[in-house]
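Below is a structure I'd like to ask you about.
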Amino acid sequence: MRIIARSTLRKFWEKHADAERPLIEWYAFVSKAEWATPANLKQDVHTASILKGRRAVFNIGGNKYRLVVDIDYSRQWLWIKFIGTHQEYNRIDAENV
């Protein structure tokens, strides 16, 4: 998977230092992934939530943070749409953010 944009993750962990390691690990794992379907993603990451419209939500740092992405499975591209605390996540519409 090609992840767009890593800088979003970096900006987040600069504000939330405890998120740095889990986000780096997530980035390394997903960069090597080759998911053809949402079911493939769910096989690899059981805790991920699959949403409508190519969206998925990952739990980061023991579910302290949430990461919403848009995935183009055919092109193997993943766009970071949102990263925030659980509280911040509860205030957004993950399918449209």
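The values are calculated or read from the model by the stated rules, or taken from the named source; none is laboratory data. Bear in mind the structure is a predicted one, so any value in this text is a computation, not a measurement. Cβ placement follows ideal geometry from the backbone for every residue including glycine, while neighbour counts extend to all protein chains displayed. These accessible areas exclude ligands, DNA and RNA; they are computed on the full protein's heavy atoms, side chains included. Shrake-Rupley method; radii C 1.70, N 1.55, O 1.52, S 1.80 Å.
Restrict the check to segment 13-20 and report whether at least one residue is of a type outside the set (Asp, Glu) and either farther than 19 Å from GLN87 by Cα or at pLDDT below 95 (or both).
Scanning segment 13-20 turns up no residue that is of a type outside the set (Asp, Glu) and either farther than 19 Å from GLN87 by Cα or at pLDDT below 95 (or both).
Can you tell me which residue in segment 32-63 is least open to solvent (accessible area, probe 1.4 Å), limited to those that are of a type in the set (Lys, Arg) and part of a helix (DSSP H, G or I)?
Within segment 32-63, the match that is least open to solvent (accessible area, probe 1.4 Å) is LYS42.
So SER74 ticks every box in (1) open to solvent by less than 60 Å² (accessible area, probe 1.4 Å); (2) part of a loop (DSSP other than H, G, I, E, B) but one. Which box is left unticked?
(1)
Report whether or not ARG54 is without any contact (Cβ under 8 Å) to a residue 24 or more places away in the chain and over 13 Å from the mean Cα position of the chain (by Cα).
Numbers: without any contact (Cβ under 8 Å) to a residue 24 or more places away in the chain: yes; over 13 Å from the mean Cα position of the chain (by Cα): no.
Answer is no for this residue.
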